[in-house]
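The structure appears right after this line, and notes come after that.
What follows is calculated from the coordinates using simple rules that are stated; it is not laboratory data. Values in this document were obtained by computation on a predicted structure and should not be read as measured data. We place every Cβ from the backbone using ideal geometry, glycine too, and count neighbours over all the protein chains shown.
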Amino acid sequence: MQQHKIAALLQIEYLAGRTRTLRIADSEDLAGFVGEFAECHENALRWTSANRGSRVVEGWVATNEWLFEKHSVVTTRNGDLLCITPKHESAFVGPFIEYQDIWDEAAFSELPPQVMVPMVVPL
């Protein structure tokens with residue numbers, strides 16, 4: 001797992017409550033769409049090309065205040081965030097933090113898949 005300067009920014013957003021709730025797509029939402037496990041970015045692109053008016057939203061799922069996993073989701077017609085990538089039953093989906101391109105000079109695609117804020121252990 002990589003430590004990256006963007007991790008501190010994600011932690012600030014998480015602790016300030018500037019997160020969004022992800023709705024996990026059910027079979028009615030998917031209407032026959034079959035996403036691939038661990039291919040959220042590609043799934044989101046395929047979804048938006050088949051569902052006019054929807055858009056890809058890039059960001060991170062917060063596992064906790066120290067660990068963030070890169071993820072792409074799509075918007076619904078009413079602007080909610082919908083996770084269309086299949087998950088294992090035990091998978092945790094936490095709050096979502098939208099990527100803001102002002103955070104880093106790198107494009108979202110160039111950022112690491114997971115970032116962690118170093119934990120400080122009191123002596």
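To the nearest 10 degrees, how steeply does helix 6-15 sit against the main Cα axis of the chain, on a 0 to 90 scale?
80
Where in region 18-123 are there GluC sites (Glu not before Pro) that are in a DSSP coil and have at most 14 other Cβ atoms within 10 angstrom of their Cβ?
Numbers: sites: Glu28, Glu36, Glu39, Glu42, Glu58, Glu65, Glu69, Glu89, Glu98, Glu105, Glu110; in loops: Glu36, Glu39, Glu65, Glu89, Glu105.
In loop regions of region 18-123 (DSSP not H, G, I, E or B), the sparsely surrounded GluC sites (Glu not before Pro) are Glu36, Glu39, Glu65, Glu89, Glu105.
In nanometres, what is the gap between the two model label sites at Arg77 and Ala107, each 7 Å from Cα along Cα-to-Cβ?
Modelled inter-label distance: 3.3 nm.
As a test of the definition: which semi-axes, in Å, follow for the chain when you take the square root of five times each eigenvalue of its alpha carbon gyration tensor? Largest first, please.
Numbers: eigenvalues 142, 46, 34 Å².
In descending order, the three semi-axes are 27, 15, 13 Å.
Treating the angle as unsigned and between 0 and 90°, give the value, to the nearest 10°, between the Cα long axis of helix 40-50 and the longest Cα principal axis of the chain.
Helix 40-50 sits roughly 30 degrees off the main axis of the chain.
List, largest first, the extents of the alpha carbons of region 1-63 along their principal axes, each in whole Å.
Ordered largest first, region 1-63 gives principal extents of 38, 23, 20 Å.
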